[in-house]
Structures are given as structure tokens and as C-alpha cells.
Amino acid sequence: MNRWKWISLGTVGSLLALSHIGMIGMLSRSNKFPVVNLPVGQYTSYEVEAGKDGYRVRYNSNDPKVMLTHKEVTRPAGFLGMGKSKSFYTEQYTMDGAKHQFRQENPSSKDIACLKTEGGGESTGKVVGGGIGAAVGQSLTGIPFVGWALSGAATMIGINQGGEIGGQMAKDFAQCDG
């Protein structure tokens, strides 16, 4: 009789252990919270708060909606571009690459004067640069077949460079920003 007692206690204990293991498995696999499939990408963000009483999801697509870029640009400045001028720019853009330009509604009189000065300097610089390019181009016209094209290219390069240098020099002499 002693033997049957141990077999029955072992069987009951085994069934009890097996049922506990099964219960632990069921509880660990049960999900009290709903499954939410949020699209996660480079420009998305979400915040989930969950507790016994419920849950709250805050989801933002296209976040941040506007991004910033900060640039530091060093340009030649001063007489004949021998010095250096640093400018700092902040640019805003959206995910599709569209840039937002900042515009002053009422420009100051100094801003208007600087624009006029820069335009005049570019104009004068183009005339001077074109003359220098044409003078250099005279020596290139003797090259067979391509001399005329090289002469024109030298003149155009002189015009473009003269405009840039003239505009920058005029801004520097007028002490204009950027």
C-alpha cells in the first residue's frame, strides 16, 4: 500500500508541476496591450505610455517638420581679396528638400545702400574683367582651330571673375555684412 501512495502522490505532483509550467507559459505569452504597428522611419517619432488602466500613444510622422542647417562660410575680402571674411548662415528646409528663405519685409536704408553698392561694384568689375579677359584672349587667337573659342572663354571668365571680385570689394569698402 505504501508503494501505491507514493505513485499517486508522484502523479498528482507531476500533474500539478506540469499545470503550473503551462500556466506560466500562457501568462508570459498573453499580451494585455494591443498590438500597434507604427511606421518607424528616419523622420518619425512616437511616445507610448502604458499602465494597468490603459495606454496612450503619441505619434508624429514627418517629425521634425522643419530642419535646420548652420553654415560658416569663409570668403576672400578686403583689397583684391587678400583678407578673409566669415559669414554664418542658418537655413531651414523640409523633408522634401524645399528651402525656406528669410526675407525682410522692410529693409533698412543701410541694406538698400549695400545692395546698390554691390551691384555697382559687380558692374564695374565685369567691365574691367572683360577688358582683361579680352587682352588675354588676343594672345590665344593664334592657336589653330580653337583659338577663337579660347579667346571667347577667356573673355567670359574675365567678366565673371571681375564681377565677383568687384562686388565683394565694393561691399568690403562700404562695410556691409555677409
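Just so it is clear, none of the values below were taken in a lab; they were calculated from the coordinates. Just so it is clear, the structure is predicted and the values come from calculations on it, not from any experiment. Because the Cβ atoms are built from the backbone with ideal geometry, glycine has one as well, and the counts that use them run over all protein chains shown.
Some observations on this one:
- Gain in span if fully extended, Lys71 to Phe145, counting 0.36 nm per residue against the direct Cα distance: 22.1 nm
- Distant-in-sequence amide H partners of Ala77 (H built 1.01 Å from N, under 5 Å): Met82, Gly83, Lys84, Ser85
- Where labels lie 7 Å past Cα in the beta-carbon direction, separation of Met82 and Gln161 in nm: 1.8 nm
- For the stretch 135-146, 3J(HN,Hα) computed residue by residue from phi via the Karplus equation (6.51, -1.76, 1.60; θ = phi - 60°) reads 5, 5, x, 4, 6, 8, 5, x, 6, x, 6, 10 Hz, glycine and proline entered as x.
- Here the dipole of the stretch 107-178 is about 160 debye; that uses its Cα centre as origin and unit charges on the Cβ of Lys and Arg (positive) and Asp and Glu (negative).
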